[in-house]
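The values are calculated or read from the model by the stated rules, or taken from the named source; none is laboratory data. Here the structure is a predicted model, which is why all the values come from computation and not from measurement. Methodologically, a virtual Cβ is constructed for each residue, glycine included, from the backbone with ideal geometry; neighbour enumeration extends over all protein chains shown.
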Amino acid sequence: MLLAGSWARGDAHAGSDIDLWVVGKRRSPRVMERDGRLVWVRFSTAGDERAEMRAPGRLDGAVPGWRTARVVRDPHGVATRLQAEARRFRWSAVRRARDRYLADQLAAWAEEVAKLLRALETGERETASVQRNLLANQMAFLRVLPLERLWDTENGFWERAGRWAGASFRAAQRTALGTDGSRWEASCEAALRLYSLTARANLPVLHGEKRRLVAAACRRAGYPIEGAARR
């Protein structure tokens, strides 16, 4: 059993929930309320935890999570071994898998770009808003992954992602998320720009049909990645 999250890192506040990890044979998570606090208990196997520390879509949180977790009970040394593996983690071991994951994800998110464009054309504002939010949320993860940053917690993640990714990405993200006071139409445009900026940053991993698919989505959005951008 381990204590994880903010209480393990030492940055918990009055409203922080409590994260417990139990590594054994069970896999189902539980959520409870104790003395006014949410308690999240994640049950998993040692194999599950090792797989998360190698999975491109999970390792950014899993590796630092294990590094900072506090071991509460470890009768067989399982947690100690897993924590040592997390501390030995090197990006070189996962770069090929990460690049494949990025290409797959960008190709898949091209469909969401198409849905946003369609909703804008038909005036479906609620649908467009949902698609905008989906893109604004996910592009931060895909943009940070090739930067090889381990972010540990989603608390404050989008602010850190904006700083790590640079001024253009941060400006587009703020507009897409509506934190800079821009109008609704501009926020939707910014979400399309975020996809294009993320795709452009990941051009080296895009090949063949996936590259054509992503390039076509960016071109239809008005932010081509293989030529001059609209703005």
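Within the range 159-169, restricting attention to residues that are surrounded by fewer than 18 Cβ atoms within 10 Å (Cβ to Cβ) and not aliphatic (A, V, I, L, M), which residue is farthest from A86 (Cα to Cα)?
Here the answer is S168.
Select from the range 33-75 the residues that are within 12 Å of L150 (Cα to Cα) and within 15 Å of the chain's Cα centre (by Cα) and list them in ascending order.
Across the range 33-75, the qualifying residues are M53, P56, G57, R58, L59, D60, G61, A62, V63, P64, G65.
Looking at the range 40-47, is at least one residue of a type in the set (G, A, S), in contact with a strand residue (DSSP E or B) (Cβ under 7 Å, 6 or more places away or on another chain), surrounded by fewer than 18 Cβ atoms within 10 Å (Cβ to Cβ) and part of a helix (DSSP H, G or I)?
There is at least one residue in the range 40-47 that is of a type in the set (G, A, S), in contact with a strand residue (DSSP E or B) (Cβ under 7 Å, 6 or more places away or on another chain), surrounded by fewer than 18 Cβ atoms within 10 Å (Cβ to Cβ) and part of a helix (DSSP H, G or I).
So which pairs qualify, if the first residue must be in the range 15-39 and more than 21 Å from L82 (Cβ to Cβ) and modelled with pLDDT of 90 or more, the second must be part of a loop (DSSP other than H, G, I, E, B) and not aliphatic (A, V, I, L, M), the Cβ gap must be under 6 Å, and the two must be at least 6 apart or on different chains?
Filtered contacts from the range 15-39: L38/D17.
Quick check on Q138: is it among the polar types (S, T, N, Q), modelled with pLDDT of 95 or more and farther than 26 Å from E52 by Cβ?
no
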